[in-house]
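The values are calculated or read from the model by the stated rules, or taken from the named source; none is laboratory data. Here the structure is a predicted model, which is why all the values come from computation and not from measurement. Because the Cβ atoms are built from the backbone with ideal geometry, glycine has one as well, and the counts that use them run over all protein chains shown. Heads up: the accessible areas ignore ligands, DNA and RNA and are worked out on the full protein's heavy atoms, side chains in. Shrake-Rupley method; radii C 1.70, N 1.55, O 1.52, S 1.80 Å.
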Amino acid sequence: MVRKNQRQIGAPAILALLLALCCQAAAGDERKQLAFEVVDRNAEQMALISDSIFYLGELGMQELESTRLLKQTLEAAGFKVELGGAGMPTNLWAEWGSGRPKIAIVTEVDALPGGSQTPGEFERKPLLAGAPGHMEGHNTHGGVASMAAFAVKEVMARDHIAGTIAISFGPAEEQLASRPFLVRAGYFKDVDAVIYLHIGPWLATGYGLQNYAAISSIFTFHGKTAHGAVNPWDGRDAVDAVELMDIGFDKLREHLRPSYRAHRTITNGGIQPNIIADTGQIWWFVRDASMPAAKETYDKLVKIAEGAALMTGTGWDVKYAASAWPQLGNKAIAEAIQRNIGLVGMPKWTDEDQRFARDFQKSAERPVVGLRTEPMALGSRAQSTSSNDNGDVSWVVPAGIFNFPSSVPGIEYHEWHAAITPVGPISHKGQVTGAKVLAASIIDLMTTPDALASARVEFLEESAKTPYFALLPPDVQPSIDLNRAEMEKYRGAMQKFYLNKSPRFN
Ligand SMILES: [Zn+2]
C-alpha cells in the first residue's frame with residue numbers, strides 16, 4: 001500500500017510522513033491487541049476483584065477491606081500504592097512507571113446504605129437485612145480500573161514507553177466527600193489527563209458539561225428552651241427558624257433559574273411539643289447546571305438563614321458538608337475513547353443474557369427492552385441533574401468520561417434492584433469491554449503527544465470560561481468518621497459472605 005503511494009506521489013518527504021504515520025498506527029494497533037490479550041487472560045481475576053468488593057459492601061470512608069484488597073492486588077502487579085493520602089484512610093493512589101506523560105484513572109468503590117441484596121434474585125432478598133450493599137455497582141470500578149491499568153503497564157513495560165499510569169480510588173463518592181480534598185492536596189498537579197470511569201447500562205463517553213454542580217450545607221439554629229405552655233415568651237424557638245428558612249426558600253423558588261434544583265431534610269426538629277426547641281437543624285442541597293449558578297442560589301439561601309434567625313431571635317451557623325463541580329468532559333479525550341469504543345464494540349450478549357435482562361426488566365416493571373447491542377453515539381448524552389464530586393478534578397486537568405455496559409437498562413441506581421446484577425455474567429462481560437476500551441484509550445493518550453496537546457488546549461479554553469474556585473473552606477478536614485457507626489453495625493455479620501480470595505494478574 002505504501003509502495004503504491006510512493007509511485008503515485010513520488011515525493012520522498014510525503015512518503016516518509018506516510019510511513020511514520022502508518023508505522024505509528026500499526027504499532028498502536030499491535031499494542032492494543034496486546035492489552036486486549038492481557039485483559040482476556042485476566043478476565044476471571046478482574047471479575048474476582050469486582051465480586052470481592054461487592055460482598056465487602058463498604059460505605060464511603062469505610063472502604064477499609066476494599067482498598068486493602070486493591071492495594072494487595074496492585075502491589076502484586078508491580079504498582080506503587082499509597083493508602084491514606086489527603087488525610088483519608090481509604091484514599092488509594094496507585095502508580096506504575098515514571099515521569100510524564102502521566103495519565104490517571106479516577107473512580108471509586110463505595111456502597112450504599114440499605115443496599116444489601118442477593119445477586120441474581122429478582123425478589124427483595126437482602127444478604128443481610130438492613131446492611132449496606134452495592135446498589136449502583138461501584139464494585140465493578142475496582143476490577144475495571146485495576147485491570148486496565150495493568151494491561152497498560154504490560155504494554156509500557158514491553159515497549160519501554162515513558163510515562164506514568166495512575167489510579168485514584170477516591171473515598172465516599174456517594175456523599176460527594178473526597179475529591180475536593182484530593183484536588184486541594186495537589187494529586188492532579190502533574191497529571192496530563194484523567195479518564196473517569198463509571199458503570200452504566202451503555203457503552204458511552206461524552207464531552208461538555210456532563211452533570212450538575214452541587215453544594216451541600218447543614219444549617220443549625222440555636223435558641224432557648226422554655227415550657228411551651230407555662231412561659232413560652234421566655235423561649236426562642238430554633239425549629240421556628242428552620243421552618244421559616246424552608247418557607248423563605250419556597251418564596252424564592254419562583255425567582256430562580258429554571259435549571260436549579262434544591263432539596264432539604266430537617267435533621268433536628270425539636271424534642272417534644274411542650275419544650276421550646278433550643279436546637280433546630282436543616283440540611284440543604286443546592287444544584288444547578290454550572291457552579292456559578294449554584295453558588296448564586298446558595299448565597300441567597302444563606303441570606304434566608306440569616307433572616308430566619310433574625311425573625312426568631314436565634315443564633316445560627318452553617319457547616320460545609322460537600323460540594324461538586326459539574327463534570328467537564330474533554331472532547332479530544334472523548335473522541336479518543338469513542339474510537340476505541342468503535343474498535344472494541346459491545347459485549348457479545350448470549351440469548352441467556354438477553355432473556356435474563358428482559359425477565360429482570362419485567363419483574364421490576366420497567367420497559368422490557370433487553371440489553372443494548374450498540375454503543376452510544378458521541379455527543380448523544382444530555383447533561384444529567386445528578387452530581388459527582390470527581391467533577392472538581394475535571395476543572396484542574398483534562399478529563400475523559402467513560403461508562404462501560406455492566407448494568408441493565410431501565411434499572412435505576414440507588415435502589416435494591418440495582419444490586420441484583422453487579423456480580424454475574426452481564427456485569428463480567430461489560431467489565432471486559434470496559435477494561436479494553438479504557439486501556440486502549442490510555443495507550444492512545446500515552447503514545448500520541450498531539451492528542452494530549454489538543455486535550456490541553458481545549459481544556460484551557462473551556463475551563464477559562466468558568467474559572468474554577470474551591471467551595472471547600474480552607475480549614476475543613478475530610479469527614480473520616482462518615483458512615484463508621486452504620487458500617488460497624490453490620491461488618492461482623494457481613495463477613496460470612498466475604499469471598500476471601502486474593503486476585504492476581506499475570
Ligand atoms: Zn456512582
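Laid out as a table, the results:
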{"item": "Region 106-162, subset within 16 Å of the ligand (Cβ to nearest atom) and hydroxyl-bearing (Ser, Thr, Tyr), residue nearest to residue 388 (Cα to Cα)", "result": "107"}
{"item": "Matching residues, region 386-434, being on the phi > 0 side of the Ramachandran plot and away from the ligand (no atom under 16 Å from the Cβ)", "result": "410, 424"}
{"item": "Residue under evaluation residue 457, criteria (1) β-branched (Val, Ile, Thr); (2) closer than 20 Å to residue 96 by Cβ; (3) open to solvent by 70 Å² or more (accessible area, probe 1.4 Å), criterion not met", "result": "(2)"}
{"item": "Selection within region 306-333 - over 24 Å from residue 214 (Cα atoms), hydrophobic (A, V, I, L, M, F, W, C) and touching a residue at least 12 places away in the same chain (Cβ under 8 Å)", "result": "309, 311, 332, 333"}
{"item": "Pair list, Cβ under 6 Å, 6 or more apart: region 424-452 residue crowded, with 24+ Cβ neighbours inside 10 Å, other residue of a type in the set (Ser, Thr, Tyr)", "result": "427/140; 427/406; 427/421; 430/406; 431/140; 431/406"}
{"item": "Residue 352 open to solvent by 10 Å² or more (accessible area, probe 1.4 Å) and either assigned to a loop (DSSP other than H, G, I, E, B) or within 24 Å of residue 445 (Cβ to Cβ) (or both)", "result": "no"}
{"item": "Condition check for residue 306: in a helix (DSSP H, G or I), over 24 Å from residue 28 (Cα atoms) and of a type outside the set (Lys, Arg)", "result": "yes"}
{"item": "So residue 278, is it of a type in the set (Asp, Glu), touching a residue at least 60 places away in the same chain (Cβ under 8 Å) and either in contact with a strand residue (DSSP E or B) (Cβ under 8 Å, 6 or more places away or on another chain) or buried (at least 24 other Cβ atoms within 10 Å of the Cβ) (or both)", "result": "no"}
{"item": "Top-ranked residue in region 230-269 [being β-branched (Val, Ile, Thr) and touching a strand residue (DSSP E or B) at 6+ places or on another chain (Cβ under 9 Å); ranked as farthest from residue 215 (Cα to Cα)]", "result": "239"}
{"item": "Selection count, region 355-390, where residues are over 30 Å from residue 121 (Cβ atoms) and in a helix (DSSP H, G or I)", "result": "2"}
{"item": "Top-ranked residue in region 166-203 [being within 16 Å of the ligand (Cβ to nearest atom) and touching a Lys or Arg at 6+ places or on another chain (Cβ under 6 Å); ranked as most open to solvent (accessible area, probe 1.4 Å)]", "result": "202"}
{"item": "Some residue of region 251-273 being polar (S, T, N, Q) and in contact with a Ser or Thr (Cβ under 8 Å, 6 or more places away or on another chain)", "result": "yes"}
{"item": "Residues of region 355-374 that turn out to be of a type in the set (S, T, N, Q) and open to solvent by 60 Å² or more (accessible area, probe 1.4 Å), as a count", "result": "1"}
{"item": "Scope region 204-222; condition surrounded by 24 or more Cβ atoms within 10 Å (Cβ to Cβ), over 16 Å from residue 386 (Cα atoms) and of a type in the set (A, V, I, L, M, F, W, C); matching residues", "result": "219, 221"}
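Per-residue answers, yes or no, for (1) under 20 Å from the mean Cα position of the chain (by Cα); (2) of a type in the set (A, V, I, L, M, F, W, C); (3) not in a helix (DSSP H, G or I):
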position: 32; (1), (2), (3): no, no, no
position: 40; (1), (2), (3): no, no, no
position: 49; (1), (2), (3): yes, yes, no
position: 52; (1), (2), (3): yes, no, no
position: 62; (1), (2), (3): yes, no, yes
position: 75; (1), (2), (3): no, no, no
position: 105; (1), (2), (3): yes, yes, yes
position: 127; (1), (2), (3): no, yes, yes
position: 130; (1), (2), (3): no, no, yes
